[in-house]
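One structure is given here, and the rest of the page talks about it.
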Amino acid sequence: MKIDVAIAGGPCTGKSTLAAALFAELKIKGFDYDLVAEEDRKLKKEFGNFRSPFERFYMWRQQEREELRSSALDGFISDKPLFHYYVQARQYASETRDDLAVRELFRMCLEIKDRYQLIVMAEDPFEIPYKTDQSRKSDEAWARQRHNLIRSFVEHFWPEKLLLVRGGVKERVSQVIQKLEEMRKAAG
């Protein structure tokens, strides 16, 4: 059974660390997964931060290309699910015309409803202390608001796919693997 896993949430909630650790653990267990990294981190070094909600269209396509390239038998793990781009566009929309981008990204989210079979988020976004670095520029309140917006979006549209995790990396990996085992068992 192929299970594509989205590690979702706001900045500095352990998404990339969890994705890498989960990928390694699943490989050790003999599963064939791909790790789809956050493409916009690569491009931020070259072009800087987003300036407009419309730039998120381009990043959606970049990230989607990487997901679609996955040929692993058991699925892929992404630390930047596509619906993040909608939430970011919504959060950063400042002009009336930005609603064009927000509406289209929302429509695109509805079209990918079956993309991820499991969506994993930190239950408590404050569990990991917030820090700024070369990829995180927002203040903590703004970052935590994004986490809450993403969680609200997922709870509204895909509550049956949501797994909330707690603890350190090992505990989180263990919780995700347990859920994957349950899903495989239920599928027969």
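Scoring GLN63 on the criteria (1) of a type outside the set (D, E, K, R); (2) part of a helix (DSSP H, G or I); (3) in contact (Cβ under 8 Å) with a residue 40 or more places away in the chain leaves a single failure, condition (3). In this structure, does ILE77 turn out to be β-branched (Val, Ile, Thr) and under 18 Å from the mean Cα position of the chain (by Cα)? Against the criterion (β-branched (Val, Ile, Thr) and under 18 Å from the mean Cα position of the chain (by Cα)), ILE77 qualifies. Consider LYS27 carefully, then state whether it is out of contact with any Asp or Glu (no Cβ under 8 Å at 6 or more places or on another chain), closer than 26 Å to ALA122 by Cα and surrounded by fewer than 21 Cβ atoms within 10 Å (Cβ to Cβ). Judged against the criteria, LYS27 is a match.
Annotation: of all residues in segment 9-24 being among the small types (Gly, Ala, Ser) and out of contact with any His (no Cβ under 7 Å at 6 or more places or on another chain), the one that is nearest to ASP124 (Cα to Cα) is GLY14.
So is ALA101 among the small types (Gly, Ala, Ser), in a helix (DSSP H, G or I), out of contact with any Phe, Trp or Tyr (no Cβ under 6 Å at 6 or more places or on another chain) and in contact (Cβ under 8 Å) with a residue 24 or more places away in the chain or not?
Details: among the small types (Gly, Ala, Ser): yes; in a helix (DSSP H, G or I): yes; out of contact with any Phe, Trp or Tyr (no Cβ under 6 Å at 6 or more places or on another chain): no; in contact (Cβ under 8 Å) with a residue 24 or more places away in the chain: yes.
Here the answer is no, as ALA101 does not meet what is asked.
Return the residues of segment 37-60 that are surrounded by fewer than 16 Cβ atoms within 10 Å (Cβ to Cβ) and part of a helix (DSSP H, G or I); say none if nothing qualifies. Those that are surrounded by fewer than 16 Cβ atoms within 10 Å (Cβ to Cβ) and part of a helix (DSSP H, G or I): ARG41, LYS42, LEU43, LYS45, GLU46, PHE47, TYR58. Candidates in segment 137-156 are the residues that are modelled with pLDDT of 95 or more and loosely packed, with under 15 Cβ neighbours inside 10 Å; of these, the one that is farthest from LYS2 (Cα to Cα) is ASN148.
Please determine, by comparing only the residues of segment 70-97 that are among the hydrophobic types (A, V, I, L, M, F, W, C) and assigned to a loop (DSSP other than H, G, I, E, B), which one is surrounded by the most Cβ atoms within 10 Å (Cβ to Cβ). Let's see the steps before the verdict.
So the first thing to find is which residues in segment 70-97 are among the hydrophobic types (A, V, I, L, M, F, W, C), and the list is 72-73, 76-77, 82-83, 87, 89, 93.
Subset that is assigned to a loop (DSSP other than H, G, I, E, B): 72-73, 82, 93.
Details: ALA72: 18, LEU73: 10, LEU82: 22, ALA93: 16.
By that ranking, first place goes to LEU82.
The values are calculated or read from the model by the stated rules, or taken from the named source; none is laboratory data. Not measured: the values here are computed from a predicted model. With ideal geometry, Cβ positions are generated from the backbone for all residues, glycine too; neighbour counts draw on all protein chains shown.
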